[in-house]
Structure formats: C-alpha cells, structure tokens
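*Asks:* First, the structure itself, so that you have it in front of you.
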Amino acid sequence: TPIVMRPPAAATSDSMGFLLQSCIAGGGVALLPAYVCQPSVAVGRLMELLPGWEIPPYEMMLIFPNLKNQSKAQAAFRDYVNTFDFSAFAVGR
C-alpha cells in the first residue's frame, strides 16, 4: 500500500539555482530537473533519493508577442531551444 506524505516546506522558491544550492548546503530535499542537479550528483555533492522515479514529462513553451517582427537574437534562441537535446541530461545516463 502506498504511503502519501506531505511534509511542510521549510522554504519555497521559483529559482532552481537557489533550491540546488540549498540542497548542497544541507538544507533539505528538492525536486529538480536532472539537467540542473546531474553535475552535482556526478561528483557526489548530492544524492538521488528515489532512483528510477520520475514525474510525468511536461512541455515548455516560448512565448513571443509577435513572430513577424522578432529580433535575430529571439530567432536564434528559439532555434537553439527547439533543437537542444535534453535527453543527454536524463537521470542514469
């Protein structure tokens, strides 16, 4: 039988960098994308608590006010994100 636990959060943040550094400093547990924490796991600064467990994938969206008049920088960023291979950051690889 699964056990559901919802411990109170000691801190919350929308900054993955803050959550990563808090965990490295011993501040608790965080749910972070593999591409954020994988380097710290690889060198032993963090440990994976639930190997093999993953949250369902979700889509990221880039929102631009007007594609017709976008700058070269916006177009380059959009192209980069659309072709980036995030699979290299999957846990266990």
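Bear in mind that the values in this text are calculations on the coordinates, not laboratory data. Remember, it's a predicted structure, so these values are computed and weren't measured experimentally. Don't worry about glycine lacking a Cβ; one is built from the backbone with ideal geometry, like all the others, and counts go over all protein chains shown.
*Asks:* Among Tyr35, Tyr80, which comes first, then next, by fewest other beta-carbon atoms within 10 Å? Display every interim value, and only then the final one.
*Replies:* Details: Tyr35 14, Tyr80 9.
So the ranking, lowest neighbour count to highest, is Tyr80, Tyr35.
*Asks:* Could you work out how far apart the two model spin labels at Arg78 and Ala25 are, taking each label as a point 7 Å from the Cα in the direction of the beta carbon, and quote it in nm?
*Replies:* 3.9
*Asks:* Tell me the Rg and the Dmax, in Å, that the Cα atoms of the chain produce.
*Replies:* 17.2, 56
*Asks:* What does the charge dipole of the chain about its Cα centre add up to, to the nearest 20 debye, if the Cβ of each Lys and Arg holds +1 and the Cβ of each Asp and Glu holds -1? Before the final figure, lay out the partial values.
*Replies:* Numbers: 6 positive and 6 negative charges, 38 e Å.
Dipole about the Cα centre, nearest 20: 180 debye.
*Asks:* Among Ile55, Ile24, Ile63, which comes first, second and so on when ranked by fewest other beta-carbon atoms within 10 Å? The partial results should precede the final answer.
*Replies:* Details: Ile55 7, Ile24 12, Ile63 4.
If I rank by nearby Cβ atoms, fewest first, I get Ile63, Ile55, Ile24.
*Asks:* Sort Glu48, Glu59 so the one with the fewest other Cβ atoms within 10 Å of its own Cβ comes first. Don't skip to the answer; put the middle values down first.
*Replies:* Details: Glu48 13, Glu59 4.
Final ranking by Cβ density, sparse to dense: Glu59, Glu48.
*Asks:* Okay, moving on. Would you mind checking which residues have amide H under 5 Å from Gln70's amide H? H placed 1.01 Å from N; only 5 or more apart, or other chain.
*Replies:* Amide H neighbours of Gln70, under 5 Å, 5+ apart: none.
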